[in-house]
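The values are calculated or read from the model by the stated rules, or taken from the named source; none is laboratory data. For clarity, every value in this text was computed on a predicted model and none was experimentally measured. Heads up, the Cβs are rebuilt from the backbone with ideal geometry, glycines too, and the neighbour counts pull from every protein chain shown.
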2 protein chains.
Amino acid sequence: MPTPHYGQPRYRVIADALRERIENGGIPAGALLPTESALTAEFRAARGTIRQAIGILREAGWVSTEHGRGSYANPRPPEGGPAESSVVRQRQITADPDLADLFGVAVGTTLDESTSITRAEGAVRSVTRTYQLLSAAAQRGTIGGD
Amino acid sequence: MPTPHYGQPRYRVIADALRERIENGGIPAGALLPTESALTAEFRAARGTIRQAIGILREAGWVSTEHGRGSYANPRPPEGGPAESSVVRQRQITADPDLADLFGVAVGTTLDESTSITRAEGAVRSVTRTYQLLSAAAQRGTIGGD
DNA sequence: AGAAATTTGTCCGTATGTATC
DNA sequence: AGATACATACGGACAAATTTC
């Protein structure tokens with residue numbers, strides 16, 4: 001029987017398990033990850049699910065994949081690199097006079113605010129806030145609720 | 001006989017076709033894309049392949065997807081034209097609790113604030129504020145901390 | 001407010017193409 | 001050339017969010 005949980009997607013759980021294994025040395029840097037078949041057996045998941053999990057790790061820089069060979073654990077996980085930036089918060093705010101003036105809209109107009117930080121060697125180097133006018137799609141819920 | 005070509009994966013071809021449709025207005029900004037079912041019929045591809053294609057577009061910022069609703073074309077494709085950004089103001093501010101927390105410093109610490117706007121086709125597309133800690137030299141004499 | 005229909009999200013199992021060893 | 005492993009693609013099933021009735 002397949003496993004129909006939903007709270008946390010299987011591929012994310014598996015990605016997390018693998019990430020932890022890399023972090024604590026279970027999979028040494030530079031070593032090949034277990035083969036797809038091995039992971040399929042171990043996690044009782046389909047290949048597609050395993051591949052999705054590995055895709056997450058690849059995206060996040062934990063592993064590198066080579067066609068026909070396998071996926072290697074990277075020696076330098078995301079941290080300690082030159083400068084990593086990550087979004088820490090996204091929300092909607094209303095334009096203060098300052099922002100309203102810059103955008104040329106009315107004060108109180110809803111804006112998208114994205115806050116990201118850039119880290120280098122563990123320390124926060126800069127905080128960047130980017131404001132954008134809402135997309136048309138997102139505007140739906142902001143005006144004229146029925 | 002599934003799995004015909006390889007030179008260009010199906011999902012990439014489909015993603016390209018959809019992207020072009022958004023670019024030339026076939027799918028207006030803010031409008032919903034055809035449903036996954038409709039696209040499977042149109043491109044004669046499996047749903048997974050369609051989802052892969054849409055995933056590419058989402059990754060690239062062309063579309064946004066909402067569970068139970070659909071995927072709609074974004075009004076801000078990745079740089080529709082020459083986007084110029086210019087710094088409009090630079091000043092020093094004191095860290096509010098929010099910024100202080102992100103930087104890991106005390107509230108009231110002096111920060112450098114740089115505000116820049118990005119324009120495209122005359123309109124202000126985004127306002128970006130970057131905060132940075134002052135250099136150690138500049139710190140002296142700015143606040144009362146000893 | 002509740003049920004049904006729609007639509008996207010997740011997962012499975014399988015088959016086949018392509019690259020590497 | 002064969003074995004191994006990743007990449008692509010198909011089809012089906014059920015879960016969850018949204019909309020519609």
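Of everything in segment B:32-69 that's within 10 Å of DNA strand D (Cβ to nearest atom), buried (at least 17 other Cβ atoms within 10 Å of the Cβ) and among the aliphatic types (A, V, I, L, M), which residue is nearest to A:Glu59 (Cα to Cα)?
Taking the candidates together, the pick is B:Ala53.
Yes/no per residue for (1) touching a Ser or Thr at 6+ places or on another chain (Cβ under 6 Å); (2) within 11 Å of chain A (Cβ to nearest Cβ); (3) on the phi > 0 side of the Ramachandran plot; (4) modelled with pLDDT of 80 or more:
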residue: B:Arg91; (1), (2), (3), (4): no, no, no, no
residue: B:Ala95; (1), (2), (3), (4): yes, yes, no, yes
residue: B:Ala100; (1), (2), (3), (4): no, yes, no, yes
residue: B:Phe103; (1), (2), (3), (4): no, yes, no, yes
residue: B:Thr110; (1), (2), (3), (4): yes, no, no, yes
residue: B:Arg119; (1), (2), (3), (4): no, yes, no, no
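If we keep just the residues of segment B:55-76 that are under 16 Å from the mean Cα position of the chain (by Cα) and more than 11 Å from chain A (Cβ to nearest Cβ), which is modelled with the lowest pLDDT?
Among residues in segment B:55-76 that are under 16 Å from the mean Cα position of the chain (by Cα) and more than 11 Å from chain A (Cβ to nearest Cβ), the one modelled with the lowest pLDDT is B:Ala60.
Report yes if A:Glu84 is at pLDDT below 75 and on the phi > 0 side of the Ramachandran plot, otherwise no.
On the way: at pLDDT below 75: yes; on the phi > 0 side of the Ramachandran plot: no.
No.
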